[in-house]
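What follows is a set of notes on a single structure, which appears directly below.
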Amino acid sequence: MYAVLGRLSALLLPHQCVSCRLFAETTGLCTACWTRLSPVTAPFCQHCGLPLTEQLVDGICASCWATPPEMACIRAALRYDDAARDLILKLKHGDGLQLVPFISQLMAARFVELTADNPFVVPVPLHRWRYWRRRFNQSAELARYLCQHYERGVYAPDLLIRHRATKSQGGLSRQARKRNLTGAFISSPTAAQTLRGHPVLLVDDVMTTGATLQAATSCLRRAGAGEIRALTIARVI
Ligand SMILES: [Zn+2]
Ligand SMILES: [Zn+2]
């Protein structure tokens, strides 16, 4: 009976693509929106997640060989291109929260890999002014959904605080981004008691140069975190 009702409602209420709002064959994205996205696929650097043209013996890119990143592991679901940008802009603005389950699904395989030892899952925080304006932090919504839905990791949105409002990073050089983020994060007063060498997975929307994730990592490291990893929806390649 319920199955029949379910089929009937699917006929009467066709699925809508969560991105373009046109008719979709199934929940999530329509075929056209799907094919525009570019997932990051293997082979990629085992440290920083950068896609590689061929599988190297040790699986590490030249840049990680020269200067190993402080984060043990960085992963992204998508390459940052026009389609990824559209999706992330929709998530950040308007009624974007309904995209959270879909985008979490894109990140799920990497999330599961990075949470085998049940780390704290820490969203990169927004400064409170930006939070008030937007009413939600897209990274926090993703982190919370991933922890709840996949029953892994300990959602910990209060360990890291955006101490200083930073200028938008767009259009800044690598050095300027780094300067812009100096002192941007502080750890919560109780973070040191909570962290005590425990691993942490940072969650953010886009990785451009990695300066934001690096600033958050240094802050958590000073507060006593163990291994730190990062997962983003997309990364600039
Ligand atoms: Zn669509
Ligand atoms: Zn690398």
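The values are calculated or read from the model by the stated rules, or taken from the named source; none is laboratory data. Since the structure is predicted, the reported quantities are computational estimates derived from the model, not experimental observations. Reconstructed Cβ throughout: ideal geometry from the backbone, glycine too, with neighbour counts over all protein chains shown. In case anyone asks, the SASA skips ligands and DNA or RNA and just uses the protein heavy atoms, side chains included. Shrake-Rupley method; radii C 1.70, N 1.55, O 1.52, S 1.80 Å.
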Quick one: which residues, 5 or more positions from Ser19 or on another chain, have an amide H under 5 Å from its amide H? H modelled 1.01 Å from N in the peptide plane, none for Pro or chain starts. Cys30
Please report the net charge: other residues with Cβ closer than 15 Å to the Cβ of Gln193, K and R +1, D and E -1. +1
Charges only on Cβ, +1 for Lys and Arg, -1 for Asp and Glu: so what's the dipole of segment 69-108 about the Cα centre, in debye to the nearest 20? 40 debye
Would you please give the FRET efficiency between Asn118 and Thr190, computed as 1/(1 + (r/R0)^6) with r the Cβ-Cβ distance and R0 = 22 Å, to the nearest 0.05? 0.70
Can you give me the long-range amide H partners of Ile60? Hydrogens built in the peptide plane at 1.01 Å from N, cutoff under 5 Å, separation of 5 or more residues or another chain. Gln46
Using alpha-carbon positions, what is the distance between the centroids of segment 209-228 and segment 18-52, in Å? 28 Å
Sorting Thr53, Gln98, Ala77 by the position of each Cα along the dipole of segment 53-107 (Lys, Arg +1; Asp, Glu -1; all at Cβ), the one nearest the positive end of that ordering is Gln98
About the Cα centre of the chain, how large is the charge dipole given +1 on each Lys and Arg Cβ and -1 on each Asp and Glu Cβ? Please answer in debye to the nearest 20. 1020 debye
Probe 1.4 Å, all protein chains in place: accessible area of Val100 in Å², nearest 10? 10 Å²
Could you work out the relative contact order of the chain, using alpha carbon pairs under 8 angstrom and six or more residues apart, expressed as a whole percent? 20 percent
C-alpha long axis of helix 211-222 to longest principal axis of the chain, angle in °: 60 degrees
Roughly how many Å² is the accessible area per residue of segment 88-229, as a whole number, for a 1.4 Å probe? 49 Å²
May I ask you to compute the full-extension gain from Cys20 to Val236, defined as 0.36 nm times their residue separation minus their alpha-carbon distance, rounded to one decimal in nm? 75.5 nm
Once Lys and Arg get +1 and Asp and Glu get -1 on their Cβ, which of Val121, Thr212, Gly226 lies farthest toward the positive end of the dipole of segment 97-236? Thr212
Among Gln214, Gln105, Gln193, determine the one that fluctuates most according to a GNM of the chain built with springs between C-alpha atoms less than 10 Å apart. Gln193
For the pair Trp65 and His163, how long in nm is the line joining their label points, each one 7 Å along Cα→Cβ? 3.7 nm
Quick one: which residues, 5+ away or cross-chain, put their amide H under 5 Å from the amide H of Ala76? H built at 1.01 Å from N. Thr232
How do Ser63, Ser104 stack up against each other in accessible area, from largest to smallest, with a 1.4 angstrom probe? Ser63, Ser104
Would you mind telling me the share, in percent, of accessible area of segment 78-219 contributed by carbon and sulfur at probe 1.4 angstrom? 50 percent
